[in-house]
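Nothing in this text is a laboratory measurement; each read-out follows from the coordinates by a stated rule. What you are looking at is a predicted structure, and each value in this text was computed from that prediction instead of being measured. Here the Cβ is made from the backbone with ideal geometry for all residues, glycine too, and neighbour counts use every protein chain on show.
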Amino acid sequence: MNRVIDSRFFDQPGFPVLYCAWAEVFDKNEKGADVLEPNHALARLSEAADQVKSEESLSPEALATLERVACLYARDMPLQLVMEAEEALYA
Amino acid sequence: MTTRQQQILSAIVEQYAEVAAPVGSSLLAKVFGVSSATIRAEMAELEHLGYIMQPHTSAGRVPTDKGYRLYVNNLGKEEETPSENRGERALTARVSGGGLPERTIRNAVDTLVELTHNLGLATIGPQLYMSGLSNLFGQPEFMSGAQVQQVARLLDNLEPWLYEAAPNQPLNVYIGQENPIGRSAGCSLIISRFRSSYSDHSYIGVLGPTRQSYRDVMTLVRHAGEALEGALYE
């Protein structure tokens, strides 16, 4: 089955930072358990949000939308899949 | 409240837990074998009594914290089934083959995470072990950055609260606004107290959205506590 990725969000300022943080939160080990412990995961998400807030001129609403979509993408679209898609796009 | 209204409330709680979408009258009409108009009248009464509500975005209804509470209280009146279900058997196996107490408790938490798709937690001496945060953020209710701060505060408060409040029932269920460590986080905390070599007030349980399969989750959490006490308390 071919999967189509809407990559437009990855062009939004700050989105890749948020996506990477959420991807780490959803990352699983070989046993299917979370790689990051809960406290580390929460700290990682806060750091990413703080970084985007300080580096980009985003309204709180825009940041909230990016965070929501980053969470959704990371949950349903593993990092590996995104990398494969990017490779295919730029091959 | 009539028996049929209680049955409709139970159906709404269970259906909503399963599909994460507001429950409509047409589905319930099929389940109960009555007309949609009859169900709508019963749902209007349940809404008037504060047990269900209508989200702005849907014609269907979802349970309120008060509705969940009534449902959970009614579950407590049901007789327990004597035989272990598959999840309970898995917990028993993971606990009995656990080895050291710390490993055994971690195994029980990890099994609860797998079975309930919630955040799992347990006290191991003075430490709080947690696992499965991604399950929480995988739920539609928690898919926002704003929830991150709320959940972080909630988890910060959890450990000191457990030691201060020391809930004493074998099974303790805190639903939504009842949750003493984060009333606005939209979470339910379901914990079992058990005795271990660490403490007579050791805890294992789960934290998840108020939209839960309470019957299954409560059974598993209670069983986890009992299995750990059987394995770790002399």
TODO: State whether one or more residues within region B:147-168 are within 13 Å of chain A (Cβ to nearest Cβ), within 24 Å of B:Glu18 (Cβ to Cβ) and outside any strand (DSSP E or B).
DONE: yes
TODO: Go through B:Leu128, B:Leu171, B:Leu155, B:Leu162 for me and flag whichever is under 15 Å from the mean Cα position of the chain (by Cα) and among the aliphatic types (A, V, I, L, M).
DONE: B:Leu171
Open item on the list: I need a count of the residues in region B:174-207 that are within 12 Å of the chain's Cα centre (by Cα) and either over 18 Å from B:Pro63 (Cα atoms) or surrounded by 24 or more Cβ atoms within 10 Å (Cβ to Cβ) (or both).
Closed with: 9
- [ ] Considering only residues that are charged (D, E, K, R) and facing chain B (nearest Cβ under 8 Å), look in region A:60-78 and name the one that is nearest to A:Asn29 (Cα to Cα).
- [x] A:Arg75
Open item on the list: Within region A:9-22, does at least one residue satisfy the condition of being acidic (Asp, Glu) and within 12 Å of chain B (Cβ to nearest Cβ)?
Closed with: no
Open item on the list: Could you check region B:114-135 and list, in sequence order, the residues that are within 10 Å of another protein chain (Cβ to nearest Cβ), surrounded by 23 or more Cβ atoms within 10 Å (Cβ to Cβ) and not polar (S, T, N, Q)?
Closed with: B:Leu119, B:Gly120, B:Leu121, B:Gly132, B:Leu133
Open item on the list: Could you list, ordered by first residue, the pairs with Cβ atoms under 8 Å in which the first is in region A:33-52 and free of Cβ contacts under 8 Å to residues at least 40 places away in the same chain and at the interface with chain B (Cβ under 9 Å from one of its Cβ atoms) and the second is in a helix (DSSP H, G or I) and surrounded by fewer than 15 Cβ atoms within 10 Å (Cβ to Cβ), at least 6 apart or interchain?
Closed with: A:Ser46/B:Gln149
Task: Number of positions in region B:31-48 that are touching a strand residue (DSSP E or B) at 6+ places or on another chain (Cβ under 8 Å) and in contact (Cβ under 8 Å) with a residue 24 or more places away in the chain - done: 2
Task: The one condition in (1) closer than 30 Å to A:Ala62 by Cα; (2) in contact (Cβ under 8 Å) with a residue 40 or more places away in the chain; (3) assigned to a helix (DSSP H, G or I); (4) within 14 Å of another protein chain (Cβ to nearest Cβ) that B:Leu207 fails to fulfil - done: (3)
Task: For B:Ser10: the one exception among (1) assigned to a helix (DSSP H, G or I); (2) in contact with a Lys or Arg (Cβ under 9 Å, 6 or more places away or on another chain); (3) within 20 Å of B:Gly176 (Cα to Cα) - done: (2)
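Yes or no, residue by residue, for (1) among the small types (Gly, Ala, Ser); (2) in contact with a Phe, Trp or Tyr (Cβ under 9 Å, 6 or more places away or on another chain):
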| residue | (1), (2) |
| --- | --- |
| B:Ala90 | yes, no |
| B:Arg103 | no, no |
| B:Thr116 | no, no |
| B:Gly125 | yes, yes |
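Residues are listed down the side, and each one gets a yes or a no for (1) outside any strand (DSSP E or B); (2) in contact (Cβ under 8 Å) with a residue 12 or more places away in the chain:
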{"position": "B:Gly50", "(1), (2)": "yes, yes"}
{"position": "B:His56", "(1), (2)": "yes, no"}
{"position": "B:Val62", "(1), (2)": "no, yes"}
{"position": "B:Gly67", "(1), (2)": "yes, yes"}
{"position": "B:Leu70", "(1), (2)": "yes, yes"}
{"position": "B:Asn73", "(1), (2)": "yes, no"}
{"position": "B:Glu84", "(1), (2)": "yes, yes"}
{"position": "B:Glu88", "(1), (2)": "yes, yes"}
- [ ] Check region B:86-106 and report whether any residue there is of a type in the set (Gly, Ala, Ser), closer than 22 Å to B:Asp216 by Cα, crowded, with 19+ Cβ neighbours inside 10 Å and within 14 Å of chain A (Cβ to nearest Cβ).
- [x] no
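Being closer than 16 Å to B:Ser188 by Cβ and outside any helix (DSSP H, G or I) is the requirement here; does B:Leu121 meet it?
yes
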Open item on the list: Anything in region B:12-53 that is among the hydroxyl-bearing types (Ser, Thr, Tyr) and either within 21 Å of B:Glu141 (Cβ to Cβ) or in contact with a Ser or Thr (Cβ under 8 Å, 6 or more places away or on another chain) (or both)? List them, or say none.
Closed with: B:Tyr16, B:Ser25, B:Ser26, B:Ser36, B:Tyr51
